[in-house]
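See structure below.
Read-outs throughout are calculated quantities, based only on the coordinates presented, and are distinct from any laboratory measurement. Please read these numbers as outputs of a predicted model, since none were measured by experiment. Note that each Cβ is placed from the backbone with ideal geometry, even for glycine, and that neighbours are counted across all protein chains shown.
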Amino acid sequence: MSFITYLINGISLGSVYALIALGYTMVYGIAKMLNFAHGDVIMVGGFTCYTICSTIGLPPLLGVLVSVIVCTVLGIVIEKIAYKPLRRASSPLAVLITAIGVSYLLQNVALLIFGANAKSFTSVVNLQAVTLADGQIVISGETIVTIVSCVIIMVLLMLFINKTKVGQAMLAVSEDKGAAQLMGINVNGTISLTFAIGSALAAIAGVLLCSAYPSLTPYTGSMPGIKAFVAAVFGGIGSIPGAFIGGILLGVIQIFSQAYISSQMADAIVFAVLIIVLLVKPTGLLGKNIQEKV
Amino acid sequence: MSKTLRSNIITVGLVFIAYIGAQILIATGSISSLMKGLLVPLCVYAILAVSLNLTVGILGELSLGHAGFMCIGAFSSAFFSKCMKMFVPDMPGALRFFLALVIGAALAGLFGILIGIPVLRLKGDYLAIVTLAFGEIIKNIINILYLGIDEEGVHFSLKSSLDLNMADSEKIIINGAMGITGTPNDSNFTIGVVLLILTLIIVLNLIHSRDGRAIMSIRDNTIAAESVGIPVTRYKLMAFSISAALAGVAGVLYAHNLSTLTALPKNFGYNMSIMILVFVVLGGMGNIRGSMIAAVILTLLPELLRGVVSDYRMLIYAIILIVMMLFNWAPKCIEWRKKATASVKARLQKKSAAKEVE
């Protein structure tokens, strides 16, 4: 029975990874950049919700809403100020390093405002834990909400991208910027929108992550950020279903290795699985295989 | 004197001048103890930046696991030195450090080859993430590694120090997350500078050799390089493993400067790898001198800011990093800089022309 509990916990953690990985993968697909500051947007989302709910004392739902808005605006501002000027830079590494700079910036602003001590985050979920199979399986409210909201967001996102004009424009821009512009698509606007959606997802992921693991520091986002990055690559970076599958698998692998092998080795095992997957399938599980033309 | 030779002499000369300058400051006592403590780390970071530039700038592959190789060099050499200190106490410190250096560099280089063989098949960002993964795995394994030697032989465990079944806990050499304590302090600033100059000579010579040109041709166009008969995999591995071995050298220097060596995210995690990458990109990819200078400036910057604005120093560091990247790389800024220098030049020419007329 503990197997099922671990599986559900793994899926729950994986759902958070999937939400973060979606942001990574969408930004990568459209701007061809690894946004290293994405993990810190999670932290900003967590702290915003903490401020609204615990410090000011407003209802949790409002906290979630405000943190989504703050992160969305933050995502757009970061893109406009730090990344857009470097879009045509001669080396793709330039924007990567700038993203690292933004990541340091966000961490240190949070450090100045909230200090280095861990804050205990009050869960935004007040749902009773569900007990199944005569009390052998207990699923916490946070777990249920995390999994359900991740599935809903995933479905909405797929519908948005495949069924709406704006979503199609995003696909077009990620395929070929120049051609998309010739078709009358507002490329800059579409890229901003991608950052906005990615950051909004990061805010939700941040709130859910902090509800499940209620300790909040300025560095909270960095390890989940890296894990989600791994998840995005695992599923094939640039692919939205890939990020979802990669995130869930990564969460399950992590919880299982913590439970059955060694809690200290869990991170090493997660990374080892990634390496094996990439060696067998060099573009990730669902990644497109691009042949280089001479 | 050829242009490259002159440039190389300038690079090595800069290190030499900086070394003499630092020695004068130490002799006159006008340097704080904090800054004194930074001298060896400065050499470590400069060596790391130069060695990573070989992978990123010359070979053109993004590596995010450079700290992992440093970690291997640091731990293998610290392990060796501590064993020697325990079992061969009369070995002279210089010989011990030299052997530790050879072991650290060789082992890091070997891991470079082992990791490079599968990893270098991948491209671009995938290669970056796999090197990141390897770096994290190395750090993670060292954190759970327990090793001790006593009369009964070698004890080894991946669980805890109690599982070693050793009577004397003093003889535990690698103690998991507590790392290695009591490494002899064999390195100093002079050794650091000598190692940095050696690294520079190795890397600069490699770049300007036939092999170096082959490596750069792979960076510029892999398919074209392959079609003129350059063995791509061999040269990629060569650059990658040399870069790893030099990172190992930096690790040896680092380990022998501290009495306690632990593998924390701060010193051997991906944060460190990224910091080295920042040095390389900010100093200029492929520009050895630039990456060295960037390493020195960016290491000193937070410490210099400490005196001025202690609370905001890392914040200011982050802002300076972003602004410098935008200034250096944004196409609009490059254009603006070109225009500005052109107008200054034109003005100077006008002045000199006016003088000639007079």
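Key figures for this structure:
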{"read-out": "Condition check for A:Ile161: within 11 Å of chain B (Cβ to nearest Cβ), under 19 Å from the mean Cα position of the chain (by Cα) and buried (at least 16 other Cβ atoms within 10 Å of the Cβ)", "value": "no"}
{"read-out": "Conditions (1) closer than 15 Å to A:Leu93 by Cβ; (2) of a type outside the set (Asp, Glu); (3) without any contact (Cβ under 8 Å) to a residue 24 or more places away in the chain; (4) in contact with a Gly (Cβ under 9 Å, 6 or more places away or on another chain); number of the one not met by B:Leu326", "value": "(4)"}
{"read-out": "Pairs where the first residue, in the range B:13-39, is under 27 Å from B:Leu200 (Cα atoms) and free of Cβ contacts under 8 Å to residues at least 40 places away in the same chain and the second is hydrophobic (A, V, I, L, M, F, W, C) and in a helix (DSSP H, G or I), C-beta under 8 Å, 6+ apart", "value": "B:Ile31/B:Ala22; B:Ile31/B:Leu25; B:Lys36/B:Ile26"}
{"read-out": "Scan of the range A:115-139 for residues that are closer than 25 Å to A:Ile4 by Cα, of a type in the set (S, T, N, Q) and either touching a residue at least 24 places away in the same chain (Cβ under 8 Å) or touching a strand residue (DSSP E or B) at 6+ places or on another chain (Cβ under 7 Å) (or both), ordered by number", "value": "A:Ser123, A:Asn126, A:Thr131, A:Gln136"}
{"read-out": "Residues located in the range B:306-317, provided they are within 12 Å of another protein chain (Cβ to nearest Cβ) and closer than 20 Å to B:Pro41 by Cβ", "value": "B:Ser310, B:Arg313, B:Met314, B:Tyr317"}
{"read-out": "Set B:Ile31, B:Ile10, B:Ile24, B:Ile20: member being outside any helix (DSSP H, G or I) and over 19 Å from the mean Cα position of the chain (by Cα)", "value": "B:Ile31"}
{"read-out": "Among (1) assigned to a helix (DSSP H, G or I); (2) under 26 Å from B:Val280 (Cα atoms), the one test that B:Phe98 misses", "value": "(2)"}
{"read-out": "Flag if B:Ala128 is in contact (Cβ under 8 Å) with a residue 40 or more places away in the chain, over 30 Å from B:Leu38 (Cβ atoms), within 14 Å of another protein chain (Cβ to nearest Cβ) and in contact with a Leu (Cβ under 9 Å, 6 or more places away or on another chain)", "value": "no"}
{"read-out": "Matching residues in the range A:83-111 - criterion: being part of a helix (DSSP H, G or I), within 14 Å of B:Cys333 (Cβ to Cβ), of a type in the set (A, V, I, L, M) and over 20 Å from the mean Cα position of the chain (by Cα)", "value": "A:Leu86, A:Ala94"}
{"read-out": "Number of the condition not met by B:Ile230 [criteria: (1) part of a helix (DSSP H, G or I); (2) surrounded by fewer than 22 Cβ atoms within 10 Å (Cβ to Cβ); (3) of a type outside the set (S, T, N, Q)]", "value": "(1)"}
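Here is a yes/no grid of residues against (1) within 14 Å of chain A (Cβ to nearest Cβ); (2) touching a helix residue (DSSP H, G or I) at 6+ places or on another chain (Cβ under 8 Å):
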{"site": "B:Glu152", "(1), (2)": "no, no"}
{"site": "B:Asp186", "(1), (2)": "no, yes"}
{"site": "B:Asp220", "(1), (2)": "yes, no"}
{"site": "B:Ser241", "(1), (2)": "no, yes"}
